[in-house]
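The values are calculated or read from the model by the stated rules, or taken from the named source; none is laboratory data. Computed from a predicted model, the values in this text were never measured in an experiment. Please note: Cβ atoms are built from the backbone with ideal geometry, for glycine as well, and neighbour counts cover all protein chains shown. Just so you know, the surface numbers come from the protein's heavy atoms only, side chains and all, with ligands and any DNA or RNA stripped out. Shrake-Rupley method; radii C 1.70, N 1.55, O 1.52, S 1.80 Å.
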Amino acid sequence: LVEVVCDGGGIQPSAVFVLYDERRPRGAPPLKLEGFGAGDDGGDDARRAAPDPRVRALTKFSARTRELSLMSKYDAMGTCGLFVRYRFVRGRPRVVEAREQTECGGPDGSPDTDRWPRKRL
């Protein structure tokens with residue numbers, strides 16, 4: 001898994017992910033990660049737009065479990081946002097868990113994503 005950082009961003013960077021196989025160096029297209037990119041919010045403009053492989057989120061990869069975790073903050077404190085954990089199966093990212101907290105600064109706001117409500121993608 002290769003993460004290519006596109007920009008540092010204000011509160012979180014923008015990146016593109018690819019699965020690189022040195023046997024096919026030219027066959028490494030950007031990954032489309034469910035929950036991120038154009039078309040995920042269901043709006044008319046998003047449906048017409050081409051999928052955007054860029055992800056604006058804080059990232060963490062565990063080589064031991066082969067899992068990628070992304071946390072897209074909706075506020076600077078990280079008390080709300082979208083958290084998605086992926087596992088790679090046969091070279092494809094599969095959602096293991098998704099959580100979203102939409103109330104920023106409210107009483108339920110917490111940077112602990114385990115306390116956020118589960119979300120179906």
* Qualifying residues in the stretch 106-121 (those that are farther than 20 Å from residue 53 by Cβ and in contact with an Asp or Glu (Cβ under 7 Å, 6 or more places away or on another chain)) - the one surrounded by the fewest Cβ atoms within 10 Å (Cβ to Cβ) -> 117
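When the stretch 69-88 is examined, which residues are found to be of a type in the set (A, V, I, L, M, F, W, C) and either open to solvent by 60 Å² or more (accessible area, probe 1.4 Å) or in contact with a Ser or Thr (Cβ under 7 Å, 6 or more places away or on another chain) (or both)?
Quick first cut of the stretch 69-88, residues of a type in the set (A, V, I, L, M, F, W, C) only: 70-71, 76-77, 80, 82-84, 88.
Listed by number, the residues that qualify are 70, 71, 76, 77, 80, 82, 83.
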* If you scan the stretch 1-44, which residues turn out to be of a type in the set (D, E, K, R), under 27 Å from residue 120 (Cα atoms) and either at pLDDT below 90 or assigned to a loop (DSSP other than H, G, I, E, B) (or both)? -> 32, 34, 40, 41, 44
* Set 94, 85: member being in a strand (DSSP E or B), modelled with pLDDT of 90 or more, closer than 18 Å to residue 15 by Cβ and within 12 Å of the chain's Cα centre (by Cα) -> 85
* Asked: Across the stretch 52-67, which residue is modelled with the highest pLDDT among those that are farther than 16 Å from residue 78 by Cβ and open to solvent by 50 Å² or more (accessible area, probe 1.4 Å)?
  -> 61
